[in-house]
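First comes the structure, then the notes that go with it.
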Amino acid sequence: MKTYDVAAYVWPAYTGDEPRTRLFWEEGMGEWQTVKNAAVKDCGYLWNRKPLWGYVNEADPQVMSKQIDAATEHGVNVFIYDWYWYDNRPFLENCLNDGFLKADNCNKMKFYIMWANHDANYTWDIRNAGEFDTTIWQGAVDRKQFEIIGNRWINQYFSKENYYKIDGKPVVSIYDLNNLISGLGGIKNTADALKWLDNQAKNNGLAGVHFQFVRWSGRVTNMSGVDADVKEFDPKLIEELGFNSLTHYQFVHFTDIDRDYTEIMSDVTKEWDKIKSEHTIPYFPHISVGWDNNPRFKEFRPGIVKNNTPENVEKALMLAKRFADESNVSLITVNSWNEWTETSYLEPDDLYGYGYLEAVKKAFSK
């Protein structure tokens, strides 16, 4: 019987242990502050979801031990941690380093890193969330910083027994190719930097690095508030740069999400087929649970996924499973484990309970 790796993205902001988070969430509980304080809009719209597990500190190993059990019991066996590097140092590493990796059962599941190398603005601070053009920290880095980052990944994560690997190579996903290329000084220099990291991993006893490209589309931009305009990249260029696979991060990056979930899935499956026809490297099918980032803003933000019930998400996961079978791949990525303020999460809430986790279990137990 075929086994599948269901990998859920983790937004590591539900902790106050990182001092710099106080810039956005002064109450000292990370972005739980935004979830807890979601307010009625002028138009009367109210987002008022509540986590069944409470506003827990996800940098606490005991908290993460319980979450690991819940995830693996329902078929989620990989966490993809959003990983940040701002102002020459890491940001929001606490949930991974102090929570997940120190949990007594962390070896029950795999993990890997998605470098969220986009610029940071005031989107995370509801007091100034509309100031998209104000950059607090830049996500692009030069070659010197890239090598510091690469060595940190190798020494701190890639060598872990439960780091997720494909063909023996630790996987690292790159969110913003624009920023990667601009920071490293062009396409040729970017290819050279990725080759350096691959060789550096080999020099440290690893099989190399599996580079995963996060695919976008220029049709929908900056719905999240942190995403800049995205250039379309030629599929051959992606492979020439050294990427070994691709997936998505969110449906919002390539289709109109302001409609019924079942309509969205029709476009999603067409996107999968298009990617498969364009690329020679494998595509790992992606499922987003939903989208609504009104908690982060004072004014109403249009663009809300409708009818994304656990039943419909289960059907979407079954489509991803079928595509994976037809494409001879076993990894499916999901947005996300805990993107509460974008309303795309598997963690149980007061609306559906454990419904989304049960959807994963049902889809992959069939």
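Key figures for this structure:
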read-out: Some residue of region 159-170 being at pLDDT 95 or above and in a helix (DSSP H, G or I); value: no
read-out: In region 60-111, the residues that are surrounded by fewer than 16 Cβ atoms within 10 Å (Cβ to Cβ) and under 21 Å from F158 (Cα atoms); value: N88, R89, K102, D104, N105, N107, K108
read-out: Contacts under 7 angstrom Cβ, first residue in region 310-339 being touching a residue at least 40 places away in the same chain (Cβ under 8 Å) and over 12 Å from G290 (Cα atoms), partner outside any loop (DSSP other than H, G, I, E, B) and polar (S, T, N, Q), 6 or more apart; value: L319/T269; T333/T247
read-out: Every residue from region 302-343 that is in contact with an Asp or Glu (Cβ under 8 Å, 6 or more places away or on another chain), more than 20 Å from N77 (Cα to Cα) and outside any helix (DSSP H, G or I); value: P302, G303, I304, V305, K306, N307, T343
read-out: Failed criterion for A38 (all others in (1) within 17 Å of K298 (Cα to Cα); (2) in contact (Cβ under 8 Å) with a residue 60 or more places away in the chain; (3) out of contact with any Leu (no Cβ under 9 Å at 6 or more places or on another chain) hold); value: (3)
read-out: Any hit, region 286-306, residues being among the charged types (D, E, K, R) and touching a Phe, Trp or Tyr at 6+ places or on another chain (Cβ under 6 Å); value: no
read-out: Verdict on V6 being crowded, with 21+ Cβ neighbours inside 10 Å, outside any strand (DSSP E or B) and under 20 Å from the mean Cα position of the chain (by Cα); value: no
read-out: The lone exception for Y112 - which of (1) more than 21 Å from E147 (Cβ to Cβ); (2) in a strand (DSSP E or B) it fails; value: (1)
read-out: Region 66-100: number of residues that are in contact with a Gly (Cβ under 9 Å, 6 or more places away or on another chain) and of a type in the set (S, T, Y); value: 2
read-out: Long-range neighbours under 6 Å by Cβ, at least six apart or interchain, first residue more than 17 Å from D82 (Cα to Cα) within region 95-112, second among the hydroxyl-bearing types (S, T, Y); value: A103/S65; D104/S65; N105/S65; K108/T72
read-out: Residue satisfying condition, being part of a loop (DSSP other than H, G, I, E, B), over 17 Å from the mean Cα position of the chain (by Cα), loosely packed, with under 15 Cβ neighbours inside 10 Å and basic (K, R), within set K274, K298; value: K298
read-out: Where a residue in region 46-58 is among the acidic types (D, E) and its partner, wherever it lies, is assigned to a loop (DSSP other than H, G, I, E, B), with Cβ under 9 Å and at least six apart; value: E58/P12; E58/A13; E58/Y14; E58/T15; E58/G30; E58/N338
read-out: Candidate set from region 313-358 (those that are of a type in the set (S, T, N, Q) and under 21 Å from the mean Cα position of the chain (by Cα)); member that is surrounded by the fewest Cβ atoms within 10 Å (Cβ to Cβ); value: S330
read-out: Residue that is free of Cβ contacts under 8 Å to residues at least 60 places away in the same chain and surrounded by fewer than 23 Cβ atoms within 10 Å (Cβ to Cβ), where the choices are K361, K306; value: K306
read-out: The lone exception for F79 - which of (1) free of Cβ contacts under 8 Å to residues at least 12 places away in the same chain; (2) under 30 Å from M318 (Cβ atoms) it fails; value: (1)
read-out: Single match in K188, K169 (criterion: of a type in the set (D, E, K, R) and free of Cβ contacts under 8 Å to residues at least 60 places away in the same chain); value: K188
read-out: Boolean, S330 is in contact with a Ser or Thr (Cβ under 9 Å, 6 or more places away or on another chain), small (G, A, S) and under 29 Å from V171 (Cα atoms); value: yes
read-out: Residue check for K165: closer than 12 Å to V209 by Cα and basic (K, R); value: yes
read-out: Pair list, Cβ under 6 Å, 6 or more apart: region 11-25 residue crowded, with 21+ Cβ neighbours inside 10 Å, other residue in a loop (DSSP other than H, G, I, E, B) and among the small types (G, A, S); value: A13/G30; Y14/G30; T15/G30; T15/A59; T21/G30
read-out: Given (1) touching a Lys or Arg at 6+ places or on another chain (Cβ under 9 Å); (2) farther than 19 Å from Y81 by Cα, number of the condition S182 does not satisfy; value: (1)
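The values are calculated or read from the model by the stated rules, or taken from the named source; none is laboratory data. All figures in this text were calculated on a predicted structure; none of them were measured in a lab. Cβ: placed from backbone, ideal geometry, glycine included. Neighbour counts: every protein chain shown.
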